[in-house]
Every structure is written in structure tokens, then in C-alpha cells.
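A.B. asks: Input: one structure, supplied below.
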Amino acid sequence: MRQHKWLKISILLMALALVFAIGWTHGEDQMRESSSTWVEDVLALRESMQGQRAIRTVEQRWEQFCRQYPIEASWIGEDYRGSFTAWLVADDETAASQLEQMIARVLGLETELTAAATSAELRSAYNGPDNALDGSASSIWHTKWDRSDPLPQSITLILAEPTMVNQLTYLPRQDGNLNGVITEYQIAYSADGQTFTELARGRWNLDAQAKVVNFKPVEATHIRLTALQGHGGWASAAEIELGIQHSGLLPDGMERSLANLASYYHQIRSEQRSQLLAAVADRDFEDILFIKRERLPNVESLGNHMVDQYFGHNQIPGGGLYILENAFSDSPTLRNVLENSTVVNGPRQGQKLEGGAFLSPDLSYCGTKIVFAYTDAHRDNFVWDEENVFHIFSVNIDGSELTQLTFGPYNDFDPIWLPDGDIIFISERRGGFGRCHQRPVPTYTLHRMSPDGSNIRMISYHETNEWNPAVDNNGMIIYTRWDYVDRGATHMHSAWITNPAGEDARALVLNYPIPQLHLSDVGHLKDVPLMQMSMRPIPNSNKIVAVAAPHHGQNYGPLIIIDPDIEDDDHTSTFVNITPSTGGFPESGGGGTNYATPYPLSEELFLTVYSPDSGTRTKYGLYLLNVADGKEERVLLYLDPTFSAQDPIPVRPRPVPNAIRVPEMPPTPEEWNVAAHPGMPPGAETCDPGVAAREAAPAAEVFVADVYDTLIPFPEDTAIKELRIWQVYPKSTALATDPMVSYESTQSNWAGRNTRGLIGTVPVEEDGSAYFKLEPGIPVFFQAVDEEGLAVQSMRSAAYVVPGQEFLSCQGCHEPRHTAPANPTSIPEALLREPSEIEPETAPGAQPMSFPILIQPILDEKCISCHNGRDQSPDLRGIVGPFNWYRSYLNLEPYVFLFDKHYGGNWDQVYPRTEPGVFGARQSELYHRLKAGHGDLTPEELHRFVIWMDSHVLPFFGDYQDVQEQLKRMEAAPVLY
């Protein structure tokens, strides 16, 4: 494994945040005429600091120096290990050695290293020894949490070949937790991996500062750091680096001195900067549009969550909408687009947009009009009103015609221009809440509107959140979806694609990550990102650049390139991490969150924002990134030390993709009085916002070519006779435990499931084809059902048709995405007839599915004469017990199939791709007992048990409201559809 560049802990990082009081843009005029001036000044500073014991004095002098030399400060921030203030006070030999390491890094002379440890926590979190070499201070090596491996314990760095080593740098964990920080150490080396000789031994302070140990040069293949004592009885490390003596590092004839080393470092860094800027010499733009928006605190309830980060009340006031003019010149200038702008309409008419927060700008295809989101950001926690939510605005690039487009107590954000001039955006107007939170977390999904803000239409009926739409090179919409139907909360939230009307929404890649690979007890996949966000299509390519973001965090992380032309292996085949210096993926792999909002210029060049320490001290600045030939080279273009930047966009016209035809859609409601939303005004008459559109639109026709066309084969001799159509109901209450819908709710206070209802069935012909009508505007999933009435295969996702959509077709049932259907020898049988009407499910309590109505009456009649709590047999009486469930429901749990039990863990460890025949009634002991005659059930009664067991989660409640009425076996009508 390469030693990647890792995050700094020094005041140096603060220096980048102190460059100028109002911001700094690059320019050769802001660099000294020659490196000699910088060298003279840095050596003079070092000489004045020798013997200085007042650390704060050293820090202050270094901060002042960084203001004088901002570009050099950015270089050192990437290349120096630890605090550069330590270099200022170090002895000459140590200082020279550290400069040599910096030069080696710039020249790419990195030594191949691997790591092995005598103890590592690999279950409750991935704290493996390779984390100490991954270039990220966010990930750590840690001995076993349960202390089953008491100290001393060691970590050994293994070199690919015998190498001269004279230094070891130990960086303790940087997350504010001192557990495992090594306080007494031994360093030893070996030339064969068998016999080790001690090099150094000593004590370290209990703090997060980097520790540097120098020793006489030795030729080694192994360097071992042994923790003799560590805080809490553990050992841990964020990063460990070796000082390597490189032969031929300096040009021939150059004497090894501090002055020469500093001069040579400046020379090669300057040449690298010039070369990188030359890579965009043929650019067709000079200006860059961007916003200033601050990263939120690392507190979930204050926005450090994939959903909460876009709530207006969480935003940090400040920032703005800017253009960096002549961005690549010697003297770029900054223009505030809205400096002289006032809103021309609505409640803010005549007012400036200032003092609030900005989000997600987009530039029109002609390059003359900007659309963006803004909130007054009053920071009233969990308040949704006009002043605490994001609204969408448009403005000409010269600042004229500042127009508010959306209104109401809903967060509207992430607007993008469509080729036909309309706007796609994300909105909470869907209604409903997330299912795994103990705070109000409204759902938001794709919407569309005219460029003047009229004709707002909901084009996604997904029941959980969606993010960051973009138009791809073919005119389709790519976006991120939290696909949360009967799967874990932190399964990959992946790339999806739909057309501009919202028709035929499908996963693009990696919607079914294999959990068995590198799985920990918390259900994370070390080598798969939890989210693919901020996607943008790469010009002249089918590839997409994206941010690999965390679930419990914000939209920052490594940058990846997604290639949808590669066959998806449910693992890592479809993407490449192009910024490995972050040390892996955040949360799942412990990597850093250094990058955000990339804009591709090609497959190798990107505008992006970057912070060397993920924003903890240094704000995110605008950078040019070059990843050609596997490199990761950056040039700083702009940095405001007081406020972070986001969303760089070249100011230029761009090619217009196809304007895909949009069907005639029903009119939108005049007022959005959305049910199940925290901004609903008191006393307002609420409704499901999709009702009017559904009622005004005809049913769509759905065609399935061949249900037997599958990725995972059906059980042998399976004959599919019908498709079941299930509807999932969006959550209409805010808290995950209100109510506890099904068995999984007992796992934690955050394990919520959908209520659902069985709409009915449609026939499947002998050749596997089906053709039927489907009501628009409702999220559904399908099940393939055999001749015995048992589900064989089932979706764990949501599909829908939008109002106005006429057709939806599927090739098969979870077929391989890159395969074409077999050339038919005849017309599919289902197409030789009219589309089927859905045969409604008639079982009481099936729609919505309610255990008290569907199952308990059968238990009362057929079972409780024996199962009445008087002996050791399960008590099946309808008596309310824990969780507001009947005792019968609680006691049936051991006899039914549940995905989490089958996969031996929690829902995050469940394989989200349903394995044919391995779920539901087929795998439930209860079904086989009843089928064999236990209880003497009628076929209709057995069917009621079957559909309950085939429903995936075997719900108790049919809806989230009116719990007491449901316990009395009263029908409940869902609030949201």
C-alpha cells in the first residue's frame, strides 16, 4: 500500500484559514519573484525560533509567515507530516530529513508499505492496521475494544525491499478521543522479519500532537512500533510514517544543506503548479461561478446527517453567490453576483438576500441565468416556516431580475435547468417522514416546475429521500435515492436515473451491495461508499463523477468516477476512487471528507472544493484537480479563510442534451397543504398531495416480458402464476417508534419499517409475460407468486408510474442489467390480450395490512383454546403487551422468516437483493405447520397467513396513526399514499 498524503494536525492548517481577512485568490503576483526570497525568509524565521519554548509564540510567527506566502503554505499543508512549527524549532539534521521527505513526496518517490498488527478491532468497527497507512487521519488502527489483547501490542510496517530508515512519525487519533494514544513506546527494526533490534524507547505526552522519533539510519525491511502503555489500556494510531533516506534525491552537484533543500523543494513545487495550470491552457472559460456555504457542525441534530444537512434551520448564516473572474490569471477578481440585487417579487420584494445561507447553484445552458436555493437561516431548531426553509430563486448572471420561484414552509433546493427550460428540484412537498429518526426528518423527492416557478409537479413518488439531480449527456436525470424498502438504513444510497418527467426510475449502479464482504457488526462495507452524491456527467463520456459521502455525515468525501457501462457486481466494479489520499470512504471505511461538489472538465480534470483537514481548521477552497495517470494533484484557485466554498461551475455556454418528451401531466394543486409535514399550518386542511393528480390521470399499462429472466435463478421447476402488487405507505408520524410497526422495530429506536397493503394480483402467462394496468402516483413493489400461492421472488425497492405516464415495461425479474432479452420467436402471450385489471385482494386486514384484523381473528377462532397462556405453548391471545403489540404477535416471531435473522445480524447486514425462494412463507416454520394441518385452517385462512408472512416485515400495524383504534381491530386509512 502506498503511503498517501494524510491530514495535518498543525497550526499550519490554521494558517490557510488566516491567509487574508476577506479571502485570497491565487496569482503569480502574490508569489515572490524567486524562491530565494522565500528560502531566505523561512530560514530566517527558523533561526529566530531556535530555543524558543513558548509554543504560542512559534505558532503566531508561523501564522504571520503563512499570510505572507499563501501558496507555499498550501504546499506545506499537503506535504509536511505533523506541525511545521515543530520543523521551525527542530535541530538541523531533523529539519533536513523532513525536507527530504517532503521532496520525495512531491517527486512521487513513495515507498511501498503494508502493515500487520498483533491486535486489531475488526468487528464493532473496521480498525485494521492498514488504516495507519491509508493517508487519512479520520481512520484509525485500534486494538480490540474488549481488551482481550492487553498491552503491550505492536504494529509492524513492512517495506517492499530493504530500505534505509532514520525516522518514525506517530500521529495519534484526531477525533477528539484519546483512547489508545500510545504513551510509552518501543521502536525496533528487522532486516528479515524474524529478528528485531531495538532502535528507540521512551514516553510520549497524552495528546493528539504528532510524535517524531529520530534514530541512526538502518537498513530494514520491517519497523515495529510497540505500545508498552496506552490510554485506557488500548493502542491506536491515525497514521504512522517512516523517514526514508532516498539516494539520488537532489540534483547532481547540489550540496545537502537546509538552504538547498528548501530551494529545491520550492523549485519542484513551482514547476508542478505551472504544469498543472498548463493542463487547462485550452479551456473555453475564464470565470467560475460558486457559492460560499459553510460546512455544518459534526452534530447529527444540527445537520451532520445526509438528510438534515439540507434543512434550512440547520444552515450557518453567511456566504453568497459569487463569480471568480479571470480565475486562472495572475490577478483574478471576485464578484458578488447579488451585491446590488433586490428581489423583484413575493414577500421579499425590494429586499436583498443577505444574512442567510445559499445552496446548490446551477447555470443555464446558455450561460446567462443562475438558479439557486436560499434560506434566511434563522436557526430555529426544527422549525419549518418561510424564514427557516430553503426557497429557490433565479437571477441573471449580471445580478438583474432576482426572482423568488418557490414559496411555503417546505425546503426546496438542488434546482437544475432542463434542456427545455424547465427546472428539476428537490422538495419536501411529497409529505412524510424518515422511518429511523427520533426527530422530525421530512422526506424530500424530485419535483419539476416551469422557469417562472409555476406548474410545480411531483415527479417522484418514492417514499424516502432523494438528492442532487443532474442532467446527463443524454438528457436523462441522474440523482441519488435512499432506497429503504425492507433493507438496512445504511445500505448504499446509490445512483438512479429517470427521464425529466420522472418516468421509469431505475437504479443505475450498486443498489444491492453484497454485505458479506468486509462486514462489521454495525453493518458497514469498508470498500463501498455509503452514498453516491453530487453526481455530474463527464463531458464526451458515459462516466459520472460523484462524491462518496457518509450516511451519518454531510456531502463531503472522496471523489469517485462511476462507469454505468461496466457490469455491476454488487460490489466495486462500477466505480473508481480517484482521490485515494482521503484514506478510504467516510464512515464505512474511516476515510476523510476532504472533497465536495466536483465539476468535471474531462475524465482527468475537475474543478472541486477541498480542505486538507476536512474543514476542521481550514475552510474549503476552490481547486483544480488533476488525476491523470493515477495522480492526485491540486492547485488552489481561491480560498476565503472565513467561509467555505462550494459548487464551482465554469461560466460558459454548454452543449444542450436532447430535450426528452414529457407527457401531458395533470394540473397541479393551487395550494400545497401537505399532510405529514412539520411546516403544516395549524388548522390547515391537509391532503396527500398526489391525490388530485392520481384522480385526474388514467392508469398506465405495465408490461413484463419474462419473469423467468433473472439474475439469480428461481428454484428448479418453479412455475409463476401471478404477480402480487404491494403498496408501501410513506410514514406519516415523525418518530421512528411512533408506532413500532413490526418486529424489526425492537432492534433499536431507529429501526422503522413501512406499513403496507396488498392491492391485489395480476396473471402471468405460460411464457412468463404479464400485462396489466397500474394506478399512477403510488409506490409499489411486485412479487412473483407460484401455483401454491407462495412468493418466490420479491422486490425490495419501490416502483411507480407518474400521472400522465402511459407505459412502463420490464425485461424480467431482477435480470442482469447489461443483458438484452432473447430474440422472441413470437409475440409475448400477455400482449395478445388487453391489459389485465388488478384482481383486488379481498382478505380483511390486507389493505392496509393489519395483524389485529388479518390474523388475530383466526387465532381467536382456531388457536387460543390451546394457546391461551396456561401452559408452555405460545400464548396467542390478542392481549396488548410490550410495544403495543398483542402477545400473539410477539410469540409468533420465532416461527416466521425475517431477513435479519436469516442473515445473522441487523438490517444493515442483510443482502438487499432478495434470493429467490429464500424468504417469506416458504422459509417460515409457521407456514409448514399450518400447511400440514395444524389449526385446521381453511384455504382462505391459510392464504391470510401466507400473505402476512410474504409481506417481508410481517407488520402489526396497518398505519402510523390511530394506534388505539387499530388495537381495537378498527380499519385504519393511510394518511399518505
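The values are calculated or read from the model by the stated rules, or taken from the named source; none is laboratory data. The model shown is predicted, which means the values in this text are computed figures rather than measured ones. Don't worry about glycine lacking a Cβ; one is built from the backbone with ideal geometry, like all the others, and counts go over all protein chains shown. All accessible areas refer to the heavy atoms of the entire protein, side chains included, with ligands and DNA or RNA removed. Shrake-Rupley method; radii C 1.70, N 1.55, O 1.52, S 1.80 Å.
A.B. asks: Report the accessible area of Ile424, computed with a 1.4 Å probe over the heavy atoms of all protein chains in place, in Å² rounded to the nearest 10.
C.D. replies: The accessible area of Ile424 comes to roughly 0 Å².
A.B. asks: While we're here: Run down the lysines and flag those whose C-alpha is under 22 Å from the C-alpha of Lys862, throwing out any fewer than 8 positions away in its chain.
C.D. replies: Lys931, Lys968
A.B. asks: What ranking of Cys810, Cys366 comes out by heavy-atom accessible area, probe 1.4 Å, highest first?
C.D. replies: Of Cys810, Cys366, the descending order of accessible area is Cys366, Cys810.
A.B. asks: Same structure, new question: Taking the DSSP beta bridges in the chain as the whole, what percent of them are antiparallel, to the nearest 5?
C.D. replies: 95 percent
A.B. asks: Where the centre of each part is set by its Cα atoms, how far does region 413-428 sit from region 924-957, in angstrom?
C.D. replies: 47 Å
A.B. asks: Something else now. Assuming R0 = 60 Å, can you tell me the calculated FRET efficiency for the pair Val299 and Ala822, based on Cβ-Cβ distance, to the nearest 0.05?
C.D. replies: 0.65
A.B. asks: As an exercise, use a Förster radius of 51 Å and the Cβ-Cβ distance of Asp92 and Lys352 to find the FRET efficiency, rounded to the nearest 0.05. Could the numbers behind the result be given before it?
C.D. replies: Values: r = 56 Å, r/R0 = 1.11.
FRET efficiency, Asp92 to Lys352: 0.35.
A.B. asks: Still on this structure, I have one more. Using label points projected 7 Å from each Cα along Cα→Cβ, tell me how many nm separate Asn177 and Asn396, to one decimal.
C.D. replies: 5.5 nm
A.B. asks: Additional query: Rounded to the nearest 10 degrees, what's the angle between the helix 939-949 long axis and the longest principal axis of the chain, both from Cα atoms, 0 to 90?
C.D. replies: Here the helix axis deviates by roughly 10 degrees.
A.B. asks: A further question follows. With a 1.4 Å probe and every protein chain left in place, tell me how much accessible area Glu861 has, in Å² to the nearest 10.
C.D. replies: 130 Å²
A.B. asks: Please give the net charge around His814, taking every other residue with its beta carbon less than 13 angstrom from that of His814, where Lys and Arg add +1 and Asp and Glu add -1. Mind dumping the intermediate values first?
C.D. replies: Working: positive: Arg506, Arg796, Arg817, Arg913; negative: Asp568, Asp570, Asp706, Asp709, Glu815, Glu915.
That sum, taken over residues with Cβ under 13 Å, equals -2.
A.B. asks: Viscosity 1.567 mPa s, temperature 4 °C: what is the translational diffusion coefficient of region 113-244 from Stokes-Einstein with a Kirkwood Rh over Cα pairs, rounded to a whole number of µm²/s? Walk me through the numbers on the way to the answer.
C.D. replies: Numbers: Rh = 14.4 Å.
D, rounded to a whole number, is 90 µm²/s.
A.B. asks: In degrees, nearest 10, range 0 to 90: what is the angle between the Cα axis of helix 35-49 and the longest Cα principal axis of the chain?
C.D. replies: 80 degrees
A.B. asks: Can you match volume of the Cα convex hull per residue in Å³ to one of these, (i) 410; (ii) 184; (iii) 261, based on a calculation from the structure here?
C.D. replies: (ii)
A.B. asks: Report, for region 283-651, the % of DSSP beta bridges that are antiparallel, rounded to 5.
C.D. replies: 95 percent
A.B. asks: Can you list the lysines whose alpha carbon is less than 29 Å from that of Lys773, not counting same-chain residues fewer than 8 positions off?
C.D. replies: Lys721, Lys731
A.B. asks: Right, next: Arrange the peptides 431-443, 140-152 so that the one whose residues have, on average, the most other Cβ atoms within 10 Å appears first. Spell out each step's value before the answer.
C.D. replies: Values: 431-443: 23.0, 140-152: 18.0.
Ranked from most to least packed, the peptides come out as 431-443, 140-152.
A.B. asks: To continue, here is another question. At 222 nm, what value in deg cm²/dmol follows for the chain if DSSP H runs of at least 4 each add -39500 (n - 2.57) and the sum is divided by all its residues, to the nearest 500?
C.D. replies: Working: 15 runs with 137 residues, N = 977.
The helix-only estimate for the chain comes to -4000 deg cm²/dmol at 222 nm.
A.B. asks: Can you give the angle from 0 to 90° between the axis of helix 55-68 and the longest principal axis of the chain, with both taken from C-alpha atoms, to the nearest 10?
C.D. replies: In the chain, helix 55-68 runs at an angle near 90 degrees to the longest axis.
A.B. asks: Separation between the Glu161 and Asp738 pseudo-spin-labels, each 7 Å from Cα along Cα→Cβ, expressed in nm?
C.D. replies: 6.6 nm
A.B. asks: In whole Hz and in residue order, list the ³J(HN,Hα) couplings for region 98-109 that follow from phi through the Karplus curve 6.51 cos²θ - 1.76 cosθ + 1.60, θ = phi - 60°; x for Gly and Pro.
C.D. replies: Whole-Hz 3J(HN,Hα) from phi for region 98-109: 5, 5, 4, 5, 5, 5, 4, 5, 4, 7, x, 8.
A.B. asks: Normalised by the number of residues in the chain, what is the relative contact order in percent for Cα pairs under 8 Å and 6+ residues apart? Don't skip to the answer; put the middle values down first.
C.D. replies: Details: 2539 pairs, mean separation 99.1, N = 977.
It rounds to 10 percent for the chain.
A.B. asks: Moving on to the next point. Given a 1.4 Å probe and heavy atoms of the protein chains only, how would you sort Met458, Met795, largest accessible area at the top? Can you show the working numbers first?
C.D. replies: Working: Met458 10, Met795 35 Å².
My answer, sorted largest first, is Met795, Met458.
A.B. asks: Quick one: net charge of Arg335's neighbours, Cβ under 9 Å, K/R +1, D/E -1? Let's see the in-between values first.
C.D. replies: Values: positive: none; negative: Asp287, Glu325, Glu339.
Residues close to Arg335 contribute a combined charge of -3.
A.B. asks: Based on the Cβ-Cβ distance of Glu387 and Val691, what FRET efficiency does E = 1/(1 + (r/R0)^6) give at R0 = 30 Å, to the nearest 0.05?
C.D. replies: 0.55
A.B. asks: Please turn the phi angles of region 420-433 into ³J(HN,Hα) values with the Karplus equation 6.51 cos²θ - 1.76 cosθ + 1.60 (θ = phi - 60°), one per residue in order, whole Hz, x for glycine and proline.
C.D. replies: Computed from phi, the couplings for region 420-433 are 8, x, 6, 10, 9, 8, 9, 8, 7, 5, 4, x, x, 10 Hz.
A.B. asks: Summing Lys, Arg as +1 and Asp, Glu as -1, what charge do residues with Cβ under 10 Å from the Cβ of Thr938 carry, Thr938 excluded?
C.D. replies: Once positives and negatives cancel, what remains is -1.
A.B. asks: Separate question: What length, rounded to one decimal in nm, is gained on full extension from Asp207 through to Arg654, with 0.36 nm per residue of separation minus their alpha-carbon distance?
C.D. replies: 155.8 nm
A.B. asks: Where does each of 625-637, 338-350 land if you order them by average Cβ count within 10 Å, highest first?
C.D. replies: Highest-to-lowest ranking by the protection proxy: 625-637, 338-350.
A.B. asks: How many angstrom lie between the C-alpha centres of region 700-751 and region 766-820?
C.D. replies: 11 Å
A.B. asks: Can you list the aspartates and glutamates whose alpha carbon sits under 14 Å from that of Lys144, skipping same-chain ones fewer than 8 residues off?
C.D. replies: Output for Lys144: Glu121, Asp521.
A.B. asks: Still on this model: Sorted by mean Cβ packing within 10 Å, highest first, what order do the peptides 917-930, 527-540 take?
C.D. replies: 527-540, 917-930
A.B. asks: Ignoring ligands, DNA and RNA, how do Tyr80, Tyr977, Tyr771 rank by accessible area with a 1.4 Å probe, largest first?
C.D. replies: Highest to lowest solvent-accessible surface, that is Tyr977, Tyr771, Tyr80.
A.B. asks: Separate question: Using protein chains only and a probe of 1.4 angstrom, how many square angstrom of Trp234 are accessible, to the nearest 10?
C.D. replies: Estimated to the nearest 10 Å², Trp234 gives 30 Å².
A.B. asks: Could you let me know the centre-to-centre spacing of region 870-903 and region 227-268, using Cα atoms, in angstrom?
C.D. replies: Here the two parts' Cα centres lie 62 Å apart.
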